[in-house]
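Step one of this worksheet: look at the structure below.
The values are calculated or read from the model by the stated rules, or taken from the named source; none is laboratory data. Just so it is clear, the model here is predicted, and its values are computed rather than measured. Remember, those area values only see protein heavy atoms, side chains included, never the ligands or the DNA or RNA. Shrake-Rupley method; radii C 1.70, N 1.55, O 1.52, S 1.80 Å.
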Amino acid sequence: MEIDFETIQKKWQKRWEEAEVFSADDNSDKPKFYCLEMFPYPSALGLHMGHALNYVIGDVAARFKKMQGFNVLHPMGYDALGLPAENAAIKDGTPPEEYTSKAIQNYISQQKALGISYDWSRMISTADPSYYKWDQWIFLKMFEKGLAYQKKSPVNWCPKCSTVLANEQVVNGKCWRHEDTKVKIKTLKQWFLKITHYADELYSGIDNLDWPIKTKAMQKNWIGKSHGTEILFDINGKKWPIFTTRPDTIFGVTFMVISANHPNLWDLVTPEKKEEVERLLEKITSVSEKDISKLEKEGAFTGSYAKNPATGEMVPIYVGNFVLADYGSGMVMGVPAHDKRDFEFAKKYNIPIRRVIDGGSGEAFTGDGILINSGEFNGMHSSKAKEKITQWLSEKGLAKKVTQFKLRDWGISRQRYWGTPIPIIHCKKCGAVPVPEKDLPVVLPKEVVFGKGNPLETTKEWINVKCPKCSSDAKRETDTMDTFVNSSWYFLRYTDPKNDEKIFDEKKADYWCPVDLYIGGSEHACTHLIYFRFYTKFLRDLGLINFDEPVIKLFHQGMLLGEGGERMSKSKGNVVEPSTISKEYGIDTARYFLLSLAEPDKDREWSKDGINGALRFIKKIFKTFHKIEIGKDTEDFKGFLNEKISKITKYIENFRYRLATIELKELFERLSAEKSASRESLETCLKLLCPFAPHISEELFEKIGNSGFVSNSSWPLAKKVEKKEEKEDINEKVQQAANSVINALQKKDREIKKAYIYLIPKDFALCQKEKISLPVKFEVFSTADKEKYDPANKAKKARPGLPAVFVE
RNA sequence: GAGGGGAUGCCGGAGUGGUCAAACGGGCCAGGCUUAGGACCUGGUGGCUCUUGCCUACGGGGGUUCGAAUCCUCCUCCCCUCACCA
C-alpha cells in the first residue's frame, strides 16, 4: 500500500495554520502550560534530523498537554546574532543581516515541515532591533543599579574570532569554536555584568529545581560556594587578606604563595629578587603552552616576609604558578604538612614542614584531626578549632568568616559587529554615559567594512555622537554584547512579542511564566542556564516579574548519531536530512521512529533498517483503518484499549516516550486483528497516536467521518476499574502471594500449620477473607492492628497491593 | 584530584522483592508467500530434556529474605562534567 505522505502533510500543516489551531490564548480559564525548546542559532546549513529530534520531543509534550485541556504556549524564535553570520560577511561578502534572514526563512519552512505545533504568530528574532532594544534597556537598568560595570582585566582572546571569550567559552585552553586555536590572555577594558551579586541565591536555589541531577551538580560546582575564614597577614606593615578553609592549620603555616598573575605582585618583590621573579614569570607563560593539568609547581622567593598572626613568626612569601589570581585573595597560606600542593612546593624549595594536626602518616595529611603544636588549641578537634581560631583572631581584628564563590562576573564585551550594541557613550568630560532610554534602540549601522577588526570602530558616522549630558563631542561604545545576553530573557518576550512600549506586559508574563518544560542540550548547564536564572532574578528585583526561577522542569534531549554511531557531520557524510526522509518515509514515520529508538534523554543511532520498521508500522495503521468495520468493540478489546490509555498517558507524562511508542505498537497490532471496532474506540486510538504522528492521525480521523481536528480533541481518559474489581484484585493478590510462599516452603519440606497475612489498612478494608482459599489455615491482619500476631516482624514488608506473609 | 551517572541476552534497551529465561526493537535462524526478493506474513532465538521439568544466567564477592536482576555492603570496570578553587 502506498501512502502519499507529502500530500497529507501539506494538507494538514496548511489547515492547522489557517485554523490557528496552535495559537496560545492570553486570556483563558484553562490551566496554562508553557513548553519551550531552546531556540536555535539559524545557521545557513539548515537543520538535520538531530535538530528535529529536539523539537519533536517538545512537540509531543505540547500536543499532549493541549489535548489534556491545557492552554499551551509553544513558541519558536531565533538566536540570530553571533559570529557565523559575521564570518560569512568576511568570507563572501554577504551582509550579516541578509545571511541571517535567509537562514531564518529556511529554518521556519523546515520546522513547519516537521509538523511542530508552534504558535508562529509569536516568532521572535534577536537580530531584530525591536528585540535587542530590550537587551539594551536591561543593560541600562543594570548600569543604573551598578550591576553593569567596566574594568580592565585580563581576558581570554581568540585570535581567530578576534574577540574576547567568556571563561565558559574556553575549552581546555582552546576556543570553543576553534578546537585548534589557543586562547591568548590580553588585558582590555571590558564590560561586566555582576552575576556574582546573585551568587548565593543562584547556588541555594538549585536544590529546589526539577532539573536533571547532573545539571544541578554541574551548576553547583561551577558556582562553587565554600565557607572559610579570611585572615589578615601583616606584610611590610600592610594587611593582606588570605582566604582559607582550614584556619585550624594556621600554626602550621611555614610560607605564603602569591599568584603569578596577582595585580599587586610587584609590591612584594624586593629589588634583589626582581630578576629571579621575572625569569619565573617568563618561564610560566612559556610552559603554559603544555597541558596545564600536568604542570609541575614552580615558584620563586619574592624577598618579602609575612607575619603569621597566630604565631608572630615571619614566613617567606613566594610567587607560584599554582595559585589562581582570581579566586579567594590570589594569595594562599602554605601549610605543607596538611595540603598536598603545599607539600609538593615545600619539598621542592626546602621549606620546613610543621605538623599541627595529629593523624595519618607519611606525606600531607589533609583530613581533620586533633591539633598539636598549636599553642592553646592543642588537643582540640579540627572542626571545633576552625570556629575557635577564627573567633580568637577576629577578636583581635585579624580574621572574619567569609563565603567564597568560584563564579566570576560575566564579561559580556565582544569586539564584534553582529551583536547588540552596548548603549553607552564615552565622553571625555562625563565618562561613560548611558544612552537615554528614549534614544533606544542603538541600531547597528548597515554600511560597514568587514575584515579589519571590529567594523564598528571604523564607521565614523556611527561612532561620533554628542554626549547626552554635556553635548560635547563623544564616541559610542563599540563593543557589542555576548550573544548569551540575548537568550537570557527571551522566554519572557514570547509572552508579549510585539510590545513596543514595554519589554513585556507584566500580566501576560505573570500568566504564562515560569516555563513549565524547557528542552535543550546539557552543554548549556554552565552558560545559558546560569545566565537565564541570573536575568530572571534581576528582572524580579526590578519588579517586572514575581517568580524566582525561569524554568520549572528542565529536560536534556539525547543526541542523534549517524548510522554507525558517529556524530552527524557534513564531513563524515552521515547527515540525515528531514526533507529527504519525509519524502521517502513520511515525517510522521520519522517522528515515530526517532522517539521509538531511545528515551528522550538518551543518545540514539539512526538506522535505515529501523526507519523501515517504523514505516511498516505506519502502513499497518493505514491498512487497518481501510479494512476495519465501524461497528462494535469486543469486550476484550475494550479492556485492552483501556489499559493502553492509562499506560500511554502515564508514559508520556513521565517522558518515557519510547515505552509509549511500544504501547502504541501493541495497540495497533491488536486493532489490526479486530474485525470491527466502535467509532469511539477508533478515535481513541488516533488520539493516542496524535502526539507522535499528527498528520496521519488527522487524516484517518477525517476518514472515519470527523470534520474537526484530532489535535483539538480531548485526550482519552482510562476508565477507572470498578470498586468491585479492585476488591477481587486484592483477594487474588493475597491468595497468589500467600500461595507462592507456601509452595516455596513446602518444597523445602517445611511443615506449615498456619499462615499469617498482613495487609496495609487500605487493602485490608478491601480484602474479603471468605473469598480466599489456601491449602493451610490462615489469618489476615491489618498492619495497623497493634494486637496482630507477628513474631517475625513481617508486617512492615507489606506494600500497597502486596501483602506480607508469615508462616509457622 | 572533586562531583555526577552507569554495568541486563548477539546488539540497543524494558524490568526495581514472587506472575522473569527476562517487554519492545534490531540482528540472526526456520517456514510461508512469491519468477525472484533487501518486500510482506508466521514462528524460533541461554543449556539440557525438548510436553510438564531441570540447570546456568542480569559486572564480581559477601549479606538480608521462604524467595533478589530488583534491597544492603564491599570490589572492579565504563562514561560524563569541572579540574592545582587554597
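At 1.4 Å probe radius, can you tell me the per residue accessible area of chain A in Å²?
Ligands and nucleic acids excluded, the result is 47 Å² per residue.
Relative to the first principal axis of the alpha-carbon coordinates of chain A, what is the inclination of helix A:5-18, with its axis defined by its Cα atoms, in degrees from 0 to 90 and to the nearest 10?
Computed tilt is about 70 degrees.
Among the aspartates and glutamates, select those whose C-alpha is under 14 Å from the C-alpha of A:K475, and discard any that sit fewer than 8 residues away in the same chain.
Hits, sequence-local ones excluded: A:E457, A:E461.
Based only on Cα atoms, what Rg/Rh ratio does chain A have, Rh being taken as Kirkwood's radius?
Radius of gyration relative to Kirkwood radius: 1.06.
At 222 nm, what helix-only mean residue ellipticity would chain A give, in deg cm²/dmol to the nearest 500, using -39500 (n - 2.57) for each DSSP H run of four or more?
-11000 deg cm²/dmol
Based on the inverse mean of 1/r over its pairs of different Cα atoms, what is the Kirkwood hydrodynamic radius of segment A:367-463, in Å?
19.3
In the structure displayed, which of A:K194/A:K297; A:K152/A:K184; A:K307/A:K388; A:K133/A:K446; A:K65/A:K619; A:K644/A:K665 lie more than 22 Å apart, Cα to Cα?
Cα-Cα > 22 Å for A:K194/A:K297; A:K65/A:K619; rest within.
Quick check: at a probe of 1.4 Å, how many percent of the accessible area of segment A:324-456 sits on carbon and sulfur atoms?
That share works out to 51 percent.
If one takes the longest principal axis of the Cα atoms in chain A, at what angle in degrees, from 0 to 90 and to the nearest 10, does the Cα axis of helix A:679-689 lie?
The angle comes out near 20 degrees.
From Cα pairs below 8 angstrom and at least 6 apart in sequence, can you work out the relative contact order of segment A:109-243, rounded to a whole percent?
Relative contact order for segment A:109-243 comes out at 16 percent.
In the structure shown, do any of A:K102/A:K570; A:K220/A:K396; A:K174/A:K273; A:K151/A:K216; A:K239/A:K273; A:K733/A:K797 have a Cα-Cα gap over 24 Å, and if so which?
A:K220/A:K396; A:K174/A:K273; A:K151/A:K216
With N set to the residue count of segment A:1-128, report its C-alpha Rg divided by 2.2 N^0.38 Å to two decimal places.
1.19
Tell me, how many Å apart are the Cα centres for segment A:170-240 and for segment A:552-602?
35
Considering Cα pairs under 8 angstrom that are at least six residues apart, work out the relative contact order of chain A and quote it in whole percent.
Relative contact order, chain A: 13 percent.
Under a straight-distance cross-link criterion of Cα-Cα below 12 Å, which aspartates and glutamates are reachable from A:K632, leaving out those fewer than 8 residues away in the same chain?
Straight-line reach from A:K632, under 12 Å: A:E674, A:E680.
If you roll a 1.4 angstrom probe over the protein chains with everything in place, what fraction of the accessible area of segment A:739-808 belongs to carbon and sulfur, to the nearest %?
50
If you take every DSSP beta bridge whose two residues both sit in chain A, what share of them, in percent to the nearest 5, is antiparallel?
Among the beta bridges of chain A, antiparallel pairing accounts for roughly 70 percent.
Provide the gained length on full extension for the span A:D603 to A:I185, in nm with one decimal, where the gain is 0.36 nm per separating residue minus the Cα-Cα distance.
That pair, A:D603 and A:I185, stretches by 146.8 nm at full extension.
First compute the accessible area of segment A:513-635 with a 1.4 Å probe, then give the percent of it belonging to carbon and sulfur atoms.
Taking all protein chains in place, segment A:513-635 shows 48 percent carbon and sulfur surface.
Pull up the cross-link candidates among the lysines for A:K214, meaning alpha carbon to alpha carbon under 21 Å and not fewer than 8 places away within one chain.
Filter leaves A:K225, A:K406, A:K553, A:K602.
Any idea what angle helix A:382-395 forms with the longest principal axis of chain A, computed on alpha-carbon atoms, 0 to 90 degrees, nearest 10?
Taking the Cα atoms of chain A, the angle to A:382-395 is about 40 degrees.
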